[in-house]
Amino acid sequence: MLQGEHPSRSNTAYETLRLLMSAESDDPSRALRLFLSENQLELEYLGKYKRLQLTQVSRDLTDLVTQQSYLDSVINFPQWVAGVTTLLSQVLSSKDAFYAQLVPILRSDTEFAEQVLPILVHSILATENDEWVNQGTKVQAHYCDTISNFFTSVLSEKLSSIQCLRCVIDVVLHLRHFDREQSIKGKVTKDALSYNKWLNIDFALLAHSSITCGAYTTALLFLELAAEGHADSKDTTNEVLYEIYRHIDEPDGFYAIHDSDLHQNLIKRFHHEKQWERAFRFHGAALEARQNIGDTEGLVQSFHSFGFDHLANDVLRTAFTNGDAKKDGPSHDISYRLAWRTETWDLPESSEKSTGASIYLALRAIHRERDVRVIDHTIRRCLYTEIDRLRTLGLEDFAEIRDVIQDVMCLHEVAKWRTNTIQTSLAARNMSKGNLCEFLKIEDNFEWVFFIVISADNAQINPSFLTLENILATRISLVRSVRLKEERQRIGTMVTPFNQSLIDIEKHCLVQLSKAARAANEVQLALNSIVRAVGLEKPPSFDVFEEFANVLWCQKEEKIAVEYLGRLFAEGKGALVRDVVEDRRKALVYAQLGSWSSAACLKNPEDIQTEYFSVATGLLKGDDLLNNPGSRNAHATVYHQYAVFAERQYYDIEKSPDAIRWKIYVDRKQREIESLDGEINRLDGKDCYRQQLQRLRDQAQKMKDADAESVQRHNCALDG
C-alpha cells in the first residue's frame, strides 16, 4: 500500500501509520516489536512527528443485528465491509486504542478492510474467550452469538453479493487456524476440534454459499463438517455433492454419493464419465415420455459430444421456443459454442460471463465486420474479458478454469490470424503453406493422443484432446470466413488458385482433427471430420483418401477399409486421388494393407506376404536413408509392421493344433501299415483277401505320405 500506484491510497496508509505510532506510545512492548522490523528508520521518523490520536468511540456489537442498515448493505460490498469492520474496530477500541486508529482507512480502502475483517473477528472473539477462561463465566455481551447470527443472516439473504458471502467464508476459514480454549467448571480444557467452534454457523449453509462463490473444495469441507455435526437433508446434500464434483478434478469422489433416486444418479454418472452414448439413450427415452425439461439439455449435450452441432443447435432452438430449456445455465453456455460452430451469428451479446461467448463474439466479428479496427477492438475486448474471468474464478473451480483456458487458447488463434503476416498473404491472395506454417503448427508436446481408460466399457476423454478440437475448429472457422467470401465471387464451378489453397488449409485441419479423434477413440468425431474433408474436393487428395480408410477401420468395417484402400493399386481404375503418390507412401500403404488383412484374416499369410509386404519392401529399395529423414521413418514403419506380421505367424504356427494332429495321424498310419504288412506276409500271394489288404495298405501309405508332407511344411514354416 505504501508503494502503490494510487497516491491517495498511499497517503491514507501513511496517515494511518502515524496514528498508530501515536497510539503505540502507551504500550512500549508493542512499539518495540514495530521498531525491530525492517522499516525501523521510517518508523522512527513517524514516531518523532506524532499525530493526535483518534478518540475512542463506545459502540455495542449488538448493533450488527439490531440495526437493519448492516443487513441492507449486503448488496453493496464496499459499504457493507466498511461498516462491519468499522463497528468491530470501535468495539475493540474500548480495550485498545490501537483499533480506533484504523477507522479512517477501513472506511476508505475496501481491499484493506476485506483483508482485516477475519483478523478483527478473531480478535474480538479471542477477547471474549480469554475473559471467559480467566473468570470461568461470560461477563460481557455474547460476541459469539451476535456475530454468528449476523453472518447467518448475511448467508441466508438472497440479495447478498458474492463478495459478502466470500468474506464470511474467509472469516470462518481464518478462525480454523486457531485453537479455542474452554473453561468447564473453572478448569481450562482443550478440544482437538475447538477451531471449528468459534462461531455457531450452520456448516450446510456455508457449503451452499461456498458453491455460490465458486469455492467448491471449500464447500466439500463444510459439507463434511455438517455431516459430522448433524444430518442435513439427504436430497439437498446430494445436489450439493453433484454440483461440487461437476467442478473439481476428483473423479473417484463422485461414486461415494448415495442417491435414493437411481435414475438421476445414473444420468449424473454418465455425464461425469462422459458416456454420452448411454446418456443419449436415457435422455431420449425420458424426452419421449415428456418427464423432465432437463432431458432436452442432456440430449443437446449428447449431440454436441458426437459432433452433430447443427442437429444440436436445431434441437436447442426448438427447446427455447417451446420453453423446454432454461435461458440460463448449461443451455445458455452451450448455445454460444454451437452458434459459432454452425456459423449462426444472430445471438445477442450476453451481459453475463458465459462459456464460449467471447470466442463467439470474436469469430462473429471476423465473419461479419468490415472495419478492421472494429475487428481488432472486439478481439482485444474478448481477450480482456476472459483473462478477467480467469482472475475472478479463484483456485477451486477447476472445470470452469479449464473452459476459460480453452477459450483463451482459441482467442489466441484468432489473434494469430489477425497478424500482419497472414493478413498480408490474404491481401496478396497467396496462401502458401510457407506463409501459414506458424498458424498451422501444433506443438510436439501437445498431449492429445491418449485417453484415460477407466474400465473396458468406460473411457474419459483427455481434456487436452478437447482443447485441440476447439483450436482446430477455430482455425477451420477462420479459414471458412475467407473461403465463403471468395466463393461468393466465383464464376460457375471454376476454382481459383487462391480458393484452392484455402480448401487445402481447411482440409489439412480436418485431417489433423480426424487423426486426433481416432487417437482419442472418438470415432464419430473422426468420421464427421473426414466426411467434411472428402466433400471439399473431388477427387480427394491422398491424405484424405488414406485417412478415410483409417476411419473405416476404426468403425469396425475391416473388409470395406481394406477394399477401399486397395483401390489405389487396382488395375483398370481411374485416378482415385488428385496428387501423385510417391513410392515411399505407396510402401506405407502396402504395409498397412498387409497388417489389416492379417488382423482381419482376409487372406492367406502367403498371399499377404507376396502381395503386400514383399511389394512394400521392394518399393523402399534404393532410398537414400542418410539424407532423407522421411525415408528412414518409412523404412522403420514398414519393416516394423512386417516383423509384427512375421511374429504373429510364427506364434500361430507354433501353437497350431494341426501339427500335433498330423503327427498323430502319421504314427497311427505307420502302425496300421505295419499291421497290414504282417497280415499280407502270412497269406498266399494268389489269395484274394491278400490283394484286398494290399490295396488298403497302399491307401494308408498315401495318407501317411500326405500327413508327413504337412508336418514337413509346418516345420519348414516354423524354421523360417
Quick check for you: with a 1.4 Å probe and neighbouring chains kept, what is the accessible area per residue of the stretch 456-609, in Å²? 46
The pairs in 603/702; 485/515; 416/485; 416/507; 559/621 lying past 24 Å Cα-Cα in this model are 603/702; 485/515; 559/621
Alpha carbon centroid spacing (whole Å) that separates the stretch 411-426 from the stretch 345-397: 17
Counting only protein heavy atoms, what percent of the accessible surface of the stretch 508-599 is carbon or sulfur at a 1.4 Å probe? 47
Any idea how far apart residue 162 and residue 258 come out in nm if each label point goes 7 Å out from Cα toward Cβ? 3.5
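The values are calculated or read from the model by the stated rules, or taken from the named source; none is laboratory data. As the structure is a prediction and not an experimental result, all values here were calculated from the model. No Cβ is skipped: glycine too gets one built from the backbone with ideal geometry, and neighbour counts run over all protein chains shown. All accessible areas refer to the heavy atoms of the entire protein, side chains included, with ligands and DNA or RNA removed. Shrake-Rupley method; radii C 1.70, N 1.55, O 1.52, S 1.80 Å.
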